[in-house]
Amino acid sequence: MHEETERVDFSELTEVFGLESFLLKSVGITIGSSTSHLMFSQLIARRRDSRVSRFEVVEREVTHRSPIVFTPYVAGVRVDTEKLQNFITQTYRDSGVTPDAVDTGAVIITGYAAKKENAEAIVNLFSQWAGKFVCATAGPKLEGMMAAHGSGAVSRSKETGKIVMNIDIGGGTSKVVIVKGGTVVDTSSIFVGSRVIAVDHSGQVIRIEESGSLAARELGIDLKLGALLSVSEQKAIVDILTNSLFELLERKGLSPFTQSLMETSPLQYRDPIDIVMFSGGVAEYIYGHEKSDFGDLGPHLGERIKQRIFDSAFSLMLQEPAERIRATVMGAAQYSLQVSGNTIFLSSPTILPKRNLQVIKVFIERERPTAEWVEGLVREALSRYDTDIFQPNHPIALTINFPTETTPNPALLRSLSQGILSVLEGTFTRAHSIVLIFDIDIANLIGNILAEKLGFSKDIICLDGIDVGDLDYVDIGAEIESSRTVPVVVKNLVFLKGAAQREI
């Protein structure tokens, strides 16, 4: 890192104008069903567009990693926020970084910790940094996408043009993501994980998840809390769970038992896979970096998966990822300040500002899309980001992109507005505001059409000319009256750069 690089206070939006590069101190905090950890980093962002204040992270350095700890719970149900706060406070002390010195960050809440009561309590811990931090509550599909970015699967696919399958195996689930050309094309999740059953040092069962119960029942094992579970019984349960995982990975028909373990729909993508990577806690055992026993199925699951890999066609595809258990965000880089021009639409000047809106991308690749086709694309995108789980209280910005040189025309506007309205009426009936971002100048036209159809039942914000990507979040500032424009800060989740190079 270059110490002379200037730091910027993004609370003063105008400070980035005129700069060529700047330094950000960032923190990524991951709170999952089983484990939690923090990662501190320094990021250098450099200007990539001379016309506007758009920057790209060109250097990233991890300055401190916390220990990986079991997420603390009260009575096994609710996250113990006091213990979690103590862990975070101690990690800040160990890093030598004070909270005030952190410019930006991301809190990622996954799995059981993402349940409504837990997520709200965790977000409240970071309320004092509401403007700086992205707080993302991730369902299984979004969590899988983040893991694919964090493991290096996405960058590896983009760099090589290969089709990469990333399997992120945590405590309760395995998230499977297929990446083509650097773009996630399919996701799935199954309840196979290391802590679906846990035992103490004597072999007595201290934790049972539903998938662990289903596996034991399938094998005729009497599984209950406090009972002894032998090593041979643990291995038998691991065998049947591994079989189900590989049924999903091989993309063939699923047995009734495997169907009972599915958290989402199975994989639909059918083209051949070039590279297979594993991330998550169990990946530490698969690649031989962890030997310790934490009282769960992790060591047996890692060993059995490794055996299955080398008994299958996957043996020629397996590569080690850039990150395994820490395949998650380094933080968030608040490095793009953009301006949406005077073709915007605001149903009221008082509805801004808005903060931390999750970007949901939709690409309209047809020149003459039908309303039904637009509706299908939007619903598919919403499902891919798990908004069907967390709506209507999950603030989003739906960004709609078009092929280069697309020209607005009445048929396009009609199909877009009708398709969006169909989604709004069926999915977002209780949402108070609608935020749409376009990459062509149609914001005012679409905004007026929607306002006419919806009346004053919802706040409508339509912007254009804003460049956003997957896993971005945006802050939309209040309208600048003199120019009839609004400032938009784009916050990008940042992952360790680089993909796997070493084959196993």
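Some points to look at:
- Listed by first and then second residue, the pairs with beta-carbon distance under 9 Å, at least 6 apart or on different chains, first residue in the stretch 107-131 and farther than 15 Å from D386 by Cβ and at pLDDT 75 or above, second of a type in the set (S, T, N, Q) and open to solvent by 30 Å² or more (accessible area, probe 1.4 Å), are N118/T81; A121/T81; I122/T81; N124/T81; L125/T81; L125/Q85.
- Taking the stretch 446-476 as the range and being more than 25 Å from the chain's Cα centre (by Cα) and among the β-branched types (V, I, T) as the test, the residues that pass are I446, I449, I460.
- Remark: pairs (first residue in the stretch 407-424, in contact (Cβ under 8 Å) with a residue 24 or more places away in the chain; second residue acidic (D, E); Cβ separation under 6 Å; 6+ apart in sequence or on different chains) = G419/E375; S422/E375; V423/E375.
- Top-ranked residue of the stretch 158-171 - restricted to ones that are in contact with a helix residue (DSSP H, G or I) (Cβ under 9 Å, 6 or more places away or on another chain) and modelled with pLDDT of 90 or more, ranked as most open to solvent (accessible area, probe 1.4 Å): K162
- Residues that are aromatic (F, W, Y), open to solvent by 30 Å² or more (accessible area, probe 1.4 Å) and within 24 Å of H149 (Cβ to Cβ), drawn from the stretch 254-306: Y269, Y285
- Among residues of the stretch 215-233 being part of a helix (DSSP H, G or I) and closer than 16 Å to V196 by Cβ, the one that is most open to solvent (accessible area, probe 1.4 Å) is R217.
- Any hit, the stretch 462-481, residues being assigned to a loop (DSSP other than H, G, I, E, B), in contact with a Pro (Cβ under 6 Å, 6 or more places away or on another chain) and modelled with pLDDT of 80 or more: no
- Test for T104: is it in contact (Cβ under 8 Å) with a residue 24 or more places away in the chain, under 24 Å from E143 (Cα atoms) and surrounded by 19 or more Cβ atoms within 10 Å (Cβ to Cβ): yes
- Residue pairs whose Cβ atoms lie under 7 Å apart, separated by 6 or more positions or on different chains, with the first residue in the stretch 196-208 and under 13 Å from Q234 (Cβ atoms) and in a loop (DSSP other than H, G, I, E, B) and the second at pLDDT 90 or above and among the polar types (S, T, N, Q), are V196/S211; G203/S230.
Listed here are the residues, each with its yes/no results for (1) in contact with a strand residue (DSSP E or B) (Cβ under 8 Å, 6 or more places away or on another chain); (2) not polar (S, T, N, Q).
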site: V238; (1), (2): no, yes
site: E250; (1), (2): no, yes
site: Q259; (1), (2): no, no
site: P272; (1), (2): yes, yes
site: V282; (1), (2): yes, yes
site: Y287; (1), (2): yes, yes
site: L301; (1), (2): yes, yes
site: D311; (1), (2): no, yes
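- Any chance S155 is open to solvent by 20 Å² or more (accessible area, probe 1.4 Å) and touching a Gly at 6+ places or on another chain (Cβ under 9 Å): yes
The values are calculated or read from the model by the stated rules, or taken from the named source; none is laboratory data. These figures come from a predicted structure and were not determined experimentally. Every residue, glycine as well, gets a Cβ built from its backbone with ideal geometry; the counts of neighbours run over all protein chains shown. Areas reflect the complete protein model, heavy atoms only, side chains present, ligands, DNA and RNA absent. Shrake-Rupley method; radii C 1.70, N 1.55, O 1.52, S 1.80 Å.
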